[in-house]
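See structure below.
The values are calculated or read from the model by the stated rules, or taken from the named source; none is laboratory data. This is a predicted model, so every value here is computed, not measured. A quick note on method: Cβ atoms are made from the backbone with ideal geometry, for glycine too, and the neighbour counts reach across all protein chains shown. Heavy atoms of the whole protein, side chains included, go into the accessibility calculation; ligands, DNA and RNA do not. Shrake-Rupley method; radii C 1.70, N 1.55, O 1.52, S 1.80 Å.
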Amino acid sequence: MIREFISGIGLFIGYYAVAVLLLLMIRAFLKPPRELFRKLLHTACFLSVLVLLYAFETWYLAMLTAILFALTLYPIITYIERFPKIMEILIERKNGEIKSSLLIAFFMMAVLIAIFWGLLGEQWKFIVVVSIMAWGFGDAAAALIGKAFGRNPINHRWVEGTKTREGSIAMYFVSAAAIFICLLIYTSFSWYLCVSGALLVAPICTIVELVSHNGMDTITVPLATAFPVFSLIILLSLVGV
């Protein structure tokens with residue numbers, strides 16, 4: 001168990017070392033727009049869940065790694081905040097955003113791992129992948145498309161900030177595509193059932209993302225994806241599909 005933990009956390013830290021190096025090279029040589037680079041950072045973060053799921057054979061070691069990594073990063077980033085030039089690379093929208101977002105993201109991964117791997121069994125841990133990919137890619141698409149092409153703001157008391165119809169449409173289609181691909185990879189359902197499932201769950205992702213405030217979509221959207229997908233698979237199994 002100790003060997004597994006050391007090996008797994010080593011791979012997890014190694015993943016981030018490589019990811020940070022690649023992102024710095026992209027920023028230095030390709031000079032992407034700020035929002036695009038911000039979403040590349042976001043993508044590197046949520047893709048790390050794949051390391052947690054496949055570098056460990058024991059669910060609580062994977063969960064513990066996510067928690068320890070978050071608790072370690074928090075004071076490190078708090079210290080780095082003293083250096084504005086370094087924080088400029090992380091493209092914060094407001095003070096403390098990066099460290100709080102990372103804390104929430106890794107907490108969310110830990111919760112999903114505890115439920116869909118620890119509680120329900122290893123056969124369900126793919127639900128963690130489905131939910132995080134739907135949130136991660138969908139949220140990135142909503143932000144990028146909304147900022148670049150958003151012309152129709154959504155004005156509602158439940159909607160925070162300047163979200164647009166174009167961004168929400170992008171969220172819907174991209175999260176649906178992510179769910180479809182994951183179901184196709186991880187289940188034995190036919191492609192049309194995977195499409196149907198994706199089209200049914202994606203509106204939930206979109207609405208939850210739309211009404212989530214203060215960055216809490218990091219938790220609400222994955223959970224709002226995971227439980228409907230889980231329920232749908234149970235329902236299809238009960239009817240003999």
**Complete:** With the 1.4 Å probe rolled over protein heavy atoms, the stretch 67-111 has an accessible area per residue in Å² of 61 Å²
**Message:** Suppose only helical runs count, i.e. DSSP H with n ≥ 4. What mean residue ellipticity at 222 nm does that imply for the chain under -39500 (n - 2.57) per run, divided by all residues and rounded to the nearest 500 deg cm²/dmol?
**Reply:** -26000 deg cm²/dmol
**Computed over the stretch 138-208, Cα set: Rg, Dmax in Å** = 13.6, 42
**Fill in**
Magnitude of the Cβ-charge dipole (Lys and Arg +1, Asp and Glu -1) of the stretch 111-241 about the Cα centre, nearest 20 debye, reported as 240 debye
**Prompt:** Given a 1.4 Å probe, how much area per residue of the stretch 119-204 is accessible, in Å²?
**Reply:** 52 Å²
**For peptides 9-21, 224-236, 32-44, 128-140, sequence by mean Cβ density within 10 Å, most packed first** = 128-140, 224-236, 32-44, 9-21
**Sulfur and carbon atoms: percent of accessible area, the stretch 2-43 [1.4 Å]** = 79 percent
**Prompt:** How big is the gap, in Å, between the Cα center of the stretch 100-134 and the Cα center of the stretch 198-221?
**Reply:** 16 Å
**Message:** Relative contact order for the chain: what percent, with Cα pairs under 8 Å and sequence separation of 6 or more?
**Reply:** 17 percent
**Prompt:** Reported to two decimal places, what Rg/Rh ratio describes the stretch 22-75 when computed on Cα atoms with Rh from the Kirkwood expression?
**Reply:** 1.11
**Request:** Evaluate the charge dipole of the chain about its Cα centre and quote only its size in Debye, nearest 20, assuming +1 on the Cβ of each Lys and Arg and -1 on the Cβ of each Asp and Glu.
**Result:** 680 debye
**Message:** List the residues, sorted by chain then number, that are 5 or more residues from Thr164 or on another chain and whose placed amide H is less than 5 Å from its amide H.
**Reply:** Ile154
**Message:** Quick check: Cα centre of the stretch 37-56 to Cα centre of the stretch 143-191, how many Å?
**Reply:** 19 Å
**Request:** Report the one residue of Val221, Phe116, Ile26 whose Cα lies farthest in the direction of the positive end of the charge dipole of the chain (charges on C-beta: Lys and Arg +1, Asp and Glu -1; origin at the Cα centre).
**Result:** Ile26
